[in-house]
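Asker: Take a look at this one; I'll ask things after.
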Amino acid sequence: MAERLAAMAPPETKYAADIAVLPVSKRVDVVRVSCSDRLPEVEYNQRHGTTTNAYLLKSGAGACEALIDVPSKVFDVDFAGQLQAAGAAASLRHIIITRLTPERLPVLARVLEAARKEGLQLLLSNPALQLLNERAAADEGLAAALRGVRVEPLNRGSEVQLEGAAAALRFVPIPTPRWPDLVAVYSEDDNILFSSNFFSAHTSLAGAGAAADGGGWDAYAADWRNYFDCMLAPVARQVATALDRLNINAMRSPEAAGGLAQVLAPLRRLTALVHELTLGADDGVAEPLAVAAVAPMHGPVVRQCLTELVGRYADWTAAQVEAAGQAAVAVLYASAYGNTASLAQAISRGITKAGVGVETLNLEQAGQDELEAALDRCSGFVLGSPTLGGHMPTQVQTALGTILRNNNAKRVPCSVFGSFGWSGEAVDKMEQRLKDAGFRFVFDPVRCKFKPTQQTLQLCEESGLDMAQEIKRAQKRRDRVAADKLSVAEMASGKALALGRVVGSLCVVTAKDGDAQGAMLASWVSQASFDPPGLTIAVKRDRAMESMLPIGASFNLNILAEGKERAVMKQLLKPFKPAEDRLAGMEVEVAEGTGAAIIPTAAAYVECTVASRMEAGDHYVVYASVSNGKVLDAAAQSAVHYRRISTTY
């Protein structure tokens, strides 16, 4: 079986990348791997590459004594060779891993071989150590690299003393369901917090001559927010716990600290939540960390924008926890190789986009009490599993039994998902058992062979949107009052009626992203600039198309013709299944520049590229430059959308 799976596996992809060593402070350098390609993961939806950071910490004598993290093997760089060229490999005494993945293990093995010396210490959390031991048992090369290395687990309270440092390095576990091994490292001598995936951003910094965020908030704000929304918003409860443990006090300079008590007030209000989540393990307030810079695994070192970013994390986290207090979907999964976790992340992203909270549980880490509590309070749930030898893992089988017995779970919408390498029986078995027990599915089961493609991630995100919208509709039905019987004039304020008189052209936005494509009606469209020619489109946060319009994305804007718009409207206003082709059955052409659909009956179309985005209440305003266009019917007038009230489209 293993040979058959290996033969079916897609070929390994390597991405061209730059590698550079840049100073962060007198005693700390960053070894930055920067890639301008778009990697096929949901968190890379910004489409302008990424960076992976490792950090070298120097002793009082200037020798590189400790290395924090290594990059993934998917980047075509010689990381161990770079350490040797910089003179760092020979002097390393400590290698610290804040997050370990199978893709990082080959690079770690080469670093261990290059730095081989008596007393070399490898430090990582217990979940990471478990992965390391499992892979070393099956990989002789990795096992050989580990011989003679002191491998030690990191726990809360662990410390490492560097030569010449006044204070030891301290370690703070900050696990999430997807990253149970996550740990932060604090250097009091440098006032630097090495935050692993927290405070990260996926943005290409190839050729950048500085380690830190010199471009300021405007340069990186969208990337920081996108990373939080994709990776951390679905685990807001765990993020709240992690930020509570870190208790960051930002410093305006290494000499003068400025507290963030006011900015972090939203998190202080989450004390009861943290107590519940950790079953009292985090009673009391952690000692504040005086931080002048945050050094994350991805993106720039955060120094100039530190106060702003930490404050925004507090606000974003508090908003997600508050949303979960109103309604939350329990996303329950186990993941053998990370593929089911990617599906769970994409489903969760769709749920949070629609303003519904998510409670994520990695069944390999969560206890029975946590599972039952999540099921008791959820407004819906999804269950995910890999298929291992034709079966679901034991943890998923146990969770399924708990679900079948839980009274609340029987009343709420649900679905299942999973990845597989050969047959995928686990998804079928979960679906059958739940349907036989009378559970109500809100979207069709999602099955993924090997790694998810962009189309699969689109399917997952739109499935999550469907789940969230079903829950919101149920809330509205419960809360419905006599207002729905009133006339528009009675319901609306003067400003709502007046604003409804603002009209716009009726258009269709079409986009293609790899094997995924989308289309939506839009009437909140306006020309925004002469030179360069540009336009704006307002896109509601919970629209499926929103994820296809990040900065750098190309799309077409089809301006519908008056008198010919009804057929297009009828097509696009009908209900669709997740990732279903919105234009199926319609005659369309394809624009060479964007790859997106052209509607031949439109009055005109323009090809655009997203240049920037701005948050605008419950919408995003997308500004796009226009690169090409054509009038398709010179005699046609643009269709115009009239509204009676501004509170609906």
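Asker: Can you give me the number of residues within segment 89-114 that are of a type in the set (Gly, Ala, Ser) and modelled with pLDDT of 90 or more?
Answerer: The number of residues fulfilling the criteria is 3.
Asker: If you check every pair at least six apart or on different chains, which have Cβ atoms under 7 Å apart with a residue in segment 606-620 that is outside the structural domain of GLU589 (by TED's automatic domain parsing) first and a residue that is outside any loop (DSSP other than H, G, I, E, B) and surrounded by 15 or more Cβ atoms within 10 Å (Cβ to Cβ) second?
Answerer: Every condition considered, no pair remains.
Asker: Mind checking which residues of segment 21-41 are without any contact (Cβ under 8 Å) to a residue 60 or more places away in the chain and either outside the structural domain of LEU67 (by TED's automatic domain parsing) or of a type in the set (Val, Ile, Thr) (or both)?
Answerer: VAL31, VAL33
Asker: Tell me yes or no: at least one residue of segment 94-103 is of a type in the set (D, E, K, R) and free of Cβ contacts under 8 Å to residues at least 40 places away in the same chain.
Answerer: Step one: list which residues in segment 94-103 are of a type in the set (D, E, K, R), which gives 99, 103.
Narrowing the set further to residues that are free of Cβ contacts under 8 Å to residues at least 40 places away in the same chain leaves 103.
Within segment 94-103, one or more residues are of a type in the set (D, E, K, R) and free of Cβ contacts under 8 Å to residues at least 40 places away in the same chain.
Asker: Can we say PRO386 is closer than 22 Å to ALA346 by Cβ, under 27 Å from the mean Cα position of the chain (by Cα), surrounded by fewer than 23 Cβ atoms within 10 Å (Cβ to Cβ) and modelled with pLDDT under 95? Give the steps one after another, and end with the answer.
Answerer: Values: closer than 22 Å to ALA346 by Cβ: yes; under 27 Å from the mean Cα position of the chain (by Cα): yes; surrounded by fewer than 23 Cβ atoms within 10 Å (Cβ to Cβ): no; modelled with pLDDT under 95: yes.
Considered against the rule, which asks whether it is closer than 22 Å to ALA346 by Cβ, under 27 Å from the mean Cα position of the chain (by Cα), surrounded by fewer than 23 Cβ atoms within 10 Å (Cβ to Cβ) and modelled with pLDDT under 95, PRO386 comes out as no.
Asker: Sticking with this one: Has segment 636-643 got any residue that is modelled with pLDDT of 90 or more and either exposed (fewer than 13 other Cβ atoms within 10 Å of the Cβ) or within 18 Å of THR594 (Cβ to Cβ) (or both)?
Answerer: Scanning segment 636-643 turns up at least one residue that is modelled with pLDDT of 90 or more and either exposed (fewer than 13 other Cβ atoms within 10 Å of the Cβ) or within 18 Å of THR594 (Cβ to Cβ) (or both).
Asker: Of all residues in segment 120-130, which are polar (S, T, N, Q) and surrounded by fewer than 22 Cβ atoms within 10 Å (Cβ to Cβ)? Before you say what the answer is, go through the steps one by one.
Answerer: From segment 120-130, those polar (S, T, N, Q) are 121, 125-126, 130; that's our starting set.
Within segment 120-130, GLN121, ASN126, GLN130 meet the criteria.
Asker: Another one. From (1) within 28 Å of the chain's Cα centre (by Cα); (2) at pLDDT 90 or above, pick out the condition that doesn't hold for GLN121.
Answerer: (1) is the only condition that GLN121 fails.
Asker: Then there's this: May I ask you to list the residues in segment 588-610 that are over 24 Å from ALA354 (Cα atoms) and part of a strand (DSSP E or B)?
Answerer: Within segment 588-610, GLU589, VAL590, ALA597, ILE598, ALA604, TYR605, VAL606, GLU607, CYS608, THR609 qualify.
Asker: Looking at this structure, is TYR337 in a helix (DSSP H, G or I) and of a type in the set (Ser, Thr, Tyr)?
Answerer: Spelling it out, it is not the case that TYR337 is in a helix (DSSP H, G or I) and of a type in the set (Ser, Thr, Tyr).
Asker: Same structure again: Does segment 449-463 contain any residue that is assigned by TED's automatic domain parsing to the domain that holds VAL356, surrounded by fewer than 24 Cβ atoms within 10 Å (Cβ to Cβ) and farther than 24 Å from ALA579 by Cα?
Answerer: Within segment 449-463, not a single residue is assigned by TED's automatic domain parsing to the domain that holds VAL356, surrounded by fewer than 24 Cβ atoms within 10 Å (Cβ to Cβ) and farther than 24 Å from ALA579 by Cα.
Asker: Then there's this: Quick check on segment 203-238: of everything there that is hydrophobic (A, V, I, L, M, F, W, C) and touching a helix residue (DSSP H, G or I) at 6+ places or on another chain (Cβ under 7 Å), which residue is surrounded by the most Cβ atoms within 10 Å (Cβ to Cβ)? Walk me through it before giving the result.
Answerer: Pass one, segment 203-238, residues hydrophobic (A, V, I, L, M, F, W, C): 205-206, 208, 210-212, 217, 219, 221-222, 224, 228, 230-233, 235-236.
Filter once more, so that each one left must be touching a helix residue (DSSP H, G or I) at 6+ places or on another chain (Cβ under 7 Å): 217, 224, 228, 230-233, 236.
Numbers: TRP217: 13, TRP224: 26, PHE228: 22, CYS230: 23, MET231: 24, LEU232: 25, ALA233: 23, ALA236: 28.
Checked segment 203-238; the qualifying residue surrounded by the most Cβ atoms within 10 Å (Cβ to Cβ) is ALA236.
Asker: A further question on this structure: Looking at LEU343, LEU404 in this structure, which one is touching a residue at least 12 places away in the same chain (Cβ under 8 Å) and surrounded by fewer than 24 Cβ atoms within 10 Å (Cβ to Cβ)?
Answerer: After applying the criteria, what remains is LEU404.
Asker: Give me the residue from segment 70-119 that is polar (S, T, N, Q) and in a helix (DSSP H, G or I) and, out of that set, surrounded by the fewest Cβ atoms within 10 Å (Cβ to Cβ).
Answerer: GLN84
Asker: Pairs under 8 Å by beta carbon, first residue on the phi > 0 side of the Ramachandran plot and of a type outside the set (Phe, Trp, Tyr) in segment 347-373, partner surrounded by fewer than 24 Cβ atoms within 10 Å (Cβ to Cβ) and assigned to a helix (DSSP H, G or I), six or more apart or different chains?
Answerer: GLY355/ALA323; GLY355/LYS472
Asker: Can you name every residue in segment 358-374 that is among the hydrophobic types (A, V, I, L, M, F, W, C) and either modelled with pLDDT under 90 or loosely packed, with under 15 Cβ neighbours inside 10 Å (or both)?
Answerer: Residue satisfying the conditions is ALA366 alone.
Asker: I would also like to ask the following. Quick one: which residue in LEU105, LEU83 is in contact with a helix residue (DSSP H, G or I) (Cβ under 6 Å, 6 or more places away or on another chain) and over 23 Å from THR176 (Cα atoms)?
Answerer: Numbers: LEU105 fails: over 23 Å from THR176 (Cα atoms).
Checking each option against the conditions leaves just LEU83.
Asker: Counting residues that are of a type in the set (D, E, K, R) and out of contact with any Pro (no Cβ under 9 Å at 6 or more places or on another chain), which strands (runs of 3 or more DSSP E) fully inside segment 376-458 reach at least 2? Lay out the reasoning, then the answer.
Answerer: Details: elements: 380-384, 414-420, 446-449.
Of the strands (runs of 3 or more DSSP E) lying wholly inside segment 376-458, those with at least 2 residues that are of a type in the set (D, E, K, R) and out of contact with any Pro (no Cβ under 9 Å at 6 or more places or on another chain) span 446-449.
Asker: Separate question: In segment 596-634, which residues are of a type outside the set (A, V, I, L, M) and more than 26 Å from the chain's Cα centre (by Cα)?
Answerer: Matches in segment 596-634: PRO600, THR601, TYR605, GLU607, SER625, SER627, ASN628, GLY629, LYS630, ASP633.
The values are calculated or read from the model by the stated rules, or taken from the named source; none is laboratory data. Since this is a predicted model, take the numbers as computed values, not measurements. Cβ sites come from the backbone with ideal geometry, for glycine too, and all protein chains shown count toward neighbours.
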